[in-house]
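Reading through the structure tokens given below for one structure.
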Amino acid sequence: MIRLHVVGLYASDVSKNSPRNGDATIIDDGTNFEVIDGYCGKSTTRLIAMLKKRKIFRPYLHISHAHYDHYYGIRQIIRDKAFTPKALYCYDPSVLANVSSAVASDRAALRNLISEAKARHIPVIYVDNGDTIRHGDIKILVY
């Protein structure tokens, strides 16, 4: 059986006029755990606490795109020595055309995160549109 866990965002996690901060989703089949994106700020703290409480120490990590509110929590999981992620799935930052300073910043942030993962001997797997990721009963289509 596949389960979906959405780590909730509380009203207190964002200021009155700020946009919603990313998403964090955990998919599991009882054996494999996929953490997709990772929030930022207080929400990341809650995500990490939930993973530890449920004894999910070897998840597969996924970054949908290199915005701070999606990769920050993944970076915190990579940095936390309690976790030994099985792999990090993301797109190759070299495919981003450097059309603006924001894109250049996103690309640099993703490269830094990939370097941190590799330093911890976490396999980094680049994905592209149309790819399929399979772990046990879980099947993720990249688009």
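The values are calculated or read from the model by the stated rules, or taken from the named source; none is laboratory data. None of these values were measured; they are calculated from a predicted model. Every residue, glycine among them, receives a Cβ derived from its backbone with ideal geometry; neighbour counts consider all protein chains shown. Please note that ligands, DNA and RNA were not included when accessible areas were found on the heavy atoms of the full protein model with its side chains. Shrake-Rupley method; radii C 1.70, N 1.55, O 1.52, S 1.80 Å.
When the Cα positions of V35, T132, V103 are compared along the charge dipole of the chain, V35 comes out farthest toward the positive end, with charges on each C-beta of Lys, Arg, Asp and Glu.
Annotation: peptides 122-134, 58-70, ranked by per-residue average of other Cβ atoms within 10 Å with the highest first, follow the order 58-70, 122-134. Segment R120..Y143, full-extension length gain: 5.5 nm, with 0.36 nm per residue of separation and the alpha-carbon distance subtracted.
Enter the mean projected area of the convex hull around the alpha-carbon atoms of the chain, in nm², rounded to one decimal. Mind dumping the intermediate values first?
Details: hull surface 35.7 nm².
Here the figure is 8.9 nm², rounded to one decimal.
Average 1/r across all pairs of distinct alpha carbons in the stretch 49-116, invert it, and you get the Kirkwood radius: 12.8 Å. Within the stretch 23-131, what is the number of lysine pairs with alpha carbons under 22 Å apart, leaving out pairs fewer than eight places apart on the same chain? So the count works out to 12.
When a 1.4 Å probe is rolled over the protein heavy atoms, the share of accessible surface on the chain that falls to carbon and sulfur comes to 54 percent.
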